[in-house]
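Single-structure report; data block below.
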Amino acid sequence: MAFTPDIDLLSAAMDRIIPSIDGLSGVGSMGLAQEVIDRSQSDDRWKAALESILTALPSAKAFSALSGDDQDAALTTAETIDLQAFGYLVDVIYTVYYMQTQVHARLNWHGRSPQPDGNQMPPWDESVLANIRTREPFWKHV
């Protein structure tokens with residue numbers, strides 16, 4: 001039987017992993033659980049991690065009924081059961097989170113690729129090669 005991730009449980013867990021801050025919703029409340037699921041399907045390790053962690057947590061209803069501290073304790077228990085899986089899942093969650101334009105805006109980050117319109121490199125300084133040019137070759141021409 002194929003594993004079907006519980007979006008409600010994943011969303012609630014994601015909100016504990018990256019909670020709301022300064023008016024920016026937690027990652028689960030941003031509606032990104034399906035994106036995490038979709039990305040997890042692209043890599044067998046991530047897919048197994050998602051299943052491992054979600055099956056180690058109580059049901060969505062039970063998890064949501066817990067206090068914040070108890071939700072954190074449930075996540076810590078799931079992490080303890082499968083540390084590597086928890087790390088993989090957190091990696092996917094953070095990847096999806098930091099792709100969001102509202103997160104870029106909060107960080108005051110432009111979100112563009114570094115090149116060709118982003119970071120400017122200083123012109124090449126030939127003087128950095130001055131020392132190496134004084135050395136004898138250490139290779140043999142063939």
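The values are calculated or read from the model by the stated rules, or taken from the named source; none is laboratory data. In this text, all values refer to a predicted model and were calculated from it rather than measured experimentally. Heads up, the Cβs are rebuilt from the backbone with ideal geometry, glycines too, and the neighbour counts pull from every protein chain shown.
For the stretch 108-120, check the following and say yes or no: at least one residue is charged (D, E, K, R) and outside any loop (DSSP other than H, G, I, E, B).
No, the conditions are met nowhere in the stretch 108-120.
Given the residues Val96, Val36, Val27, Val103, which is the only one that is touching a Lys or Arg at 6+ places or on another chain (Cβ under 7 Å) and either assigned to a helix (DSSP H, G or I) or crowded, with 16+ Cβ neighbours inside 10 Å (or both)?
Val96
Can you pull out every residue in the stretch 41-68 that is at pLDDT 95 or above and among the aromatic types (Phe, Trp, Tyr)?
Phe63
Criterion first (exposed (fewer than 13 other Cβ atoms within 10 Å of the Cβ) and not in a strand (DSSP E or B)) does Thr77 satisfy it?
yes
If a residue has to be more than 16 Å from Gly87 (Cα to Cα) and either in a loop (DSSP other than H, G, I, E, B) or out of contact with any helix residue (DSSP H, G or I) (no Cβ under 8 Å at 6 or more places or on another chain) (or both) to count, how many in the stretch 42-60 make the cut?
Of the residues in that region, 3 qualify.
Which one is nearest to Ala78 (Cα to Cα) among residues in the stretch 1-16 that are in contact (Cβ under 8 Å) with a residue 40 or more places away in the chain and buried (at least 20 other Cβ atoms within 10 Å of the Cβ)?
Residue satisfying both the conditions and the ranking: Ala13.
Consider only pairs whose beta carbons are under 6 Å apart and that are at least six residues apart or on different chains; among these, list those whose first residue lies in the stretch 77-88 and is among the small types (Gly, Ala, Ser) and whose second residue is buried (at least 18 other Cβ atoms within 10 Å of the Cβ).
Going by the 6 Å Cβ cut-off, the qualifying pairs are Ala78/Ile53; Ala78/Leu57; Ala85/Ala49; Ala85/Ser52; Ala85/Ile53.
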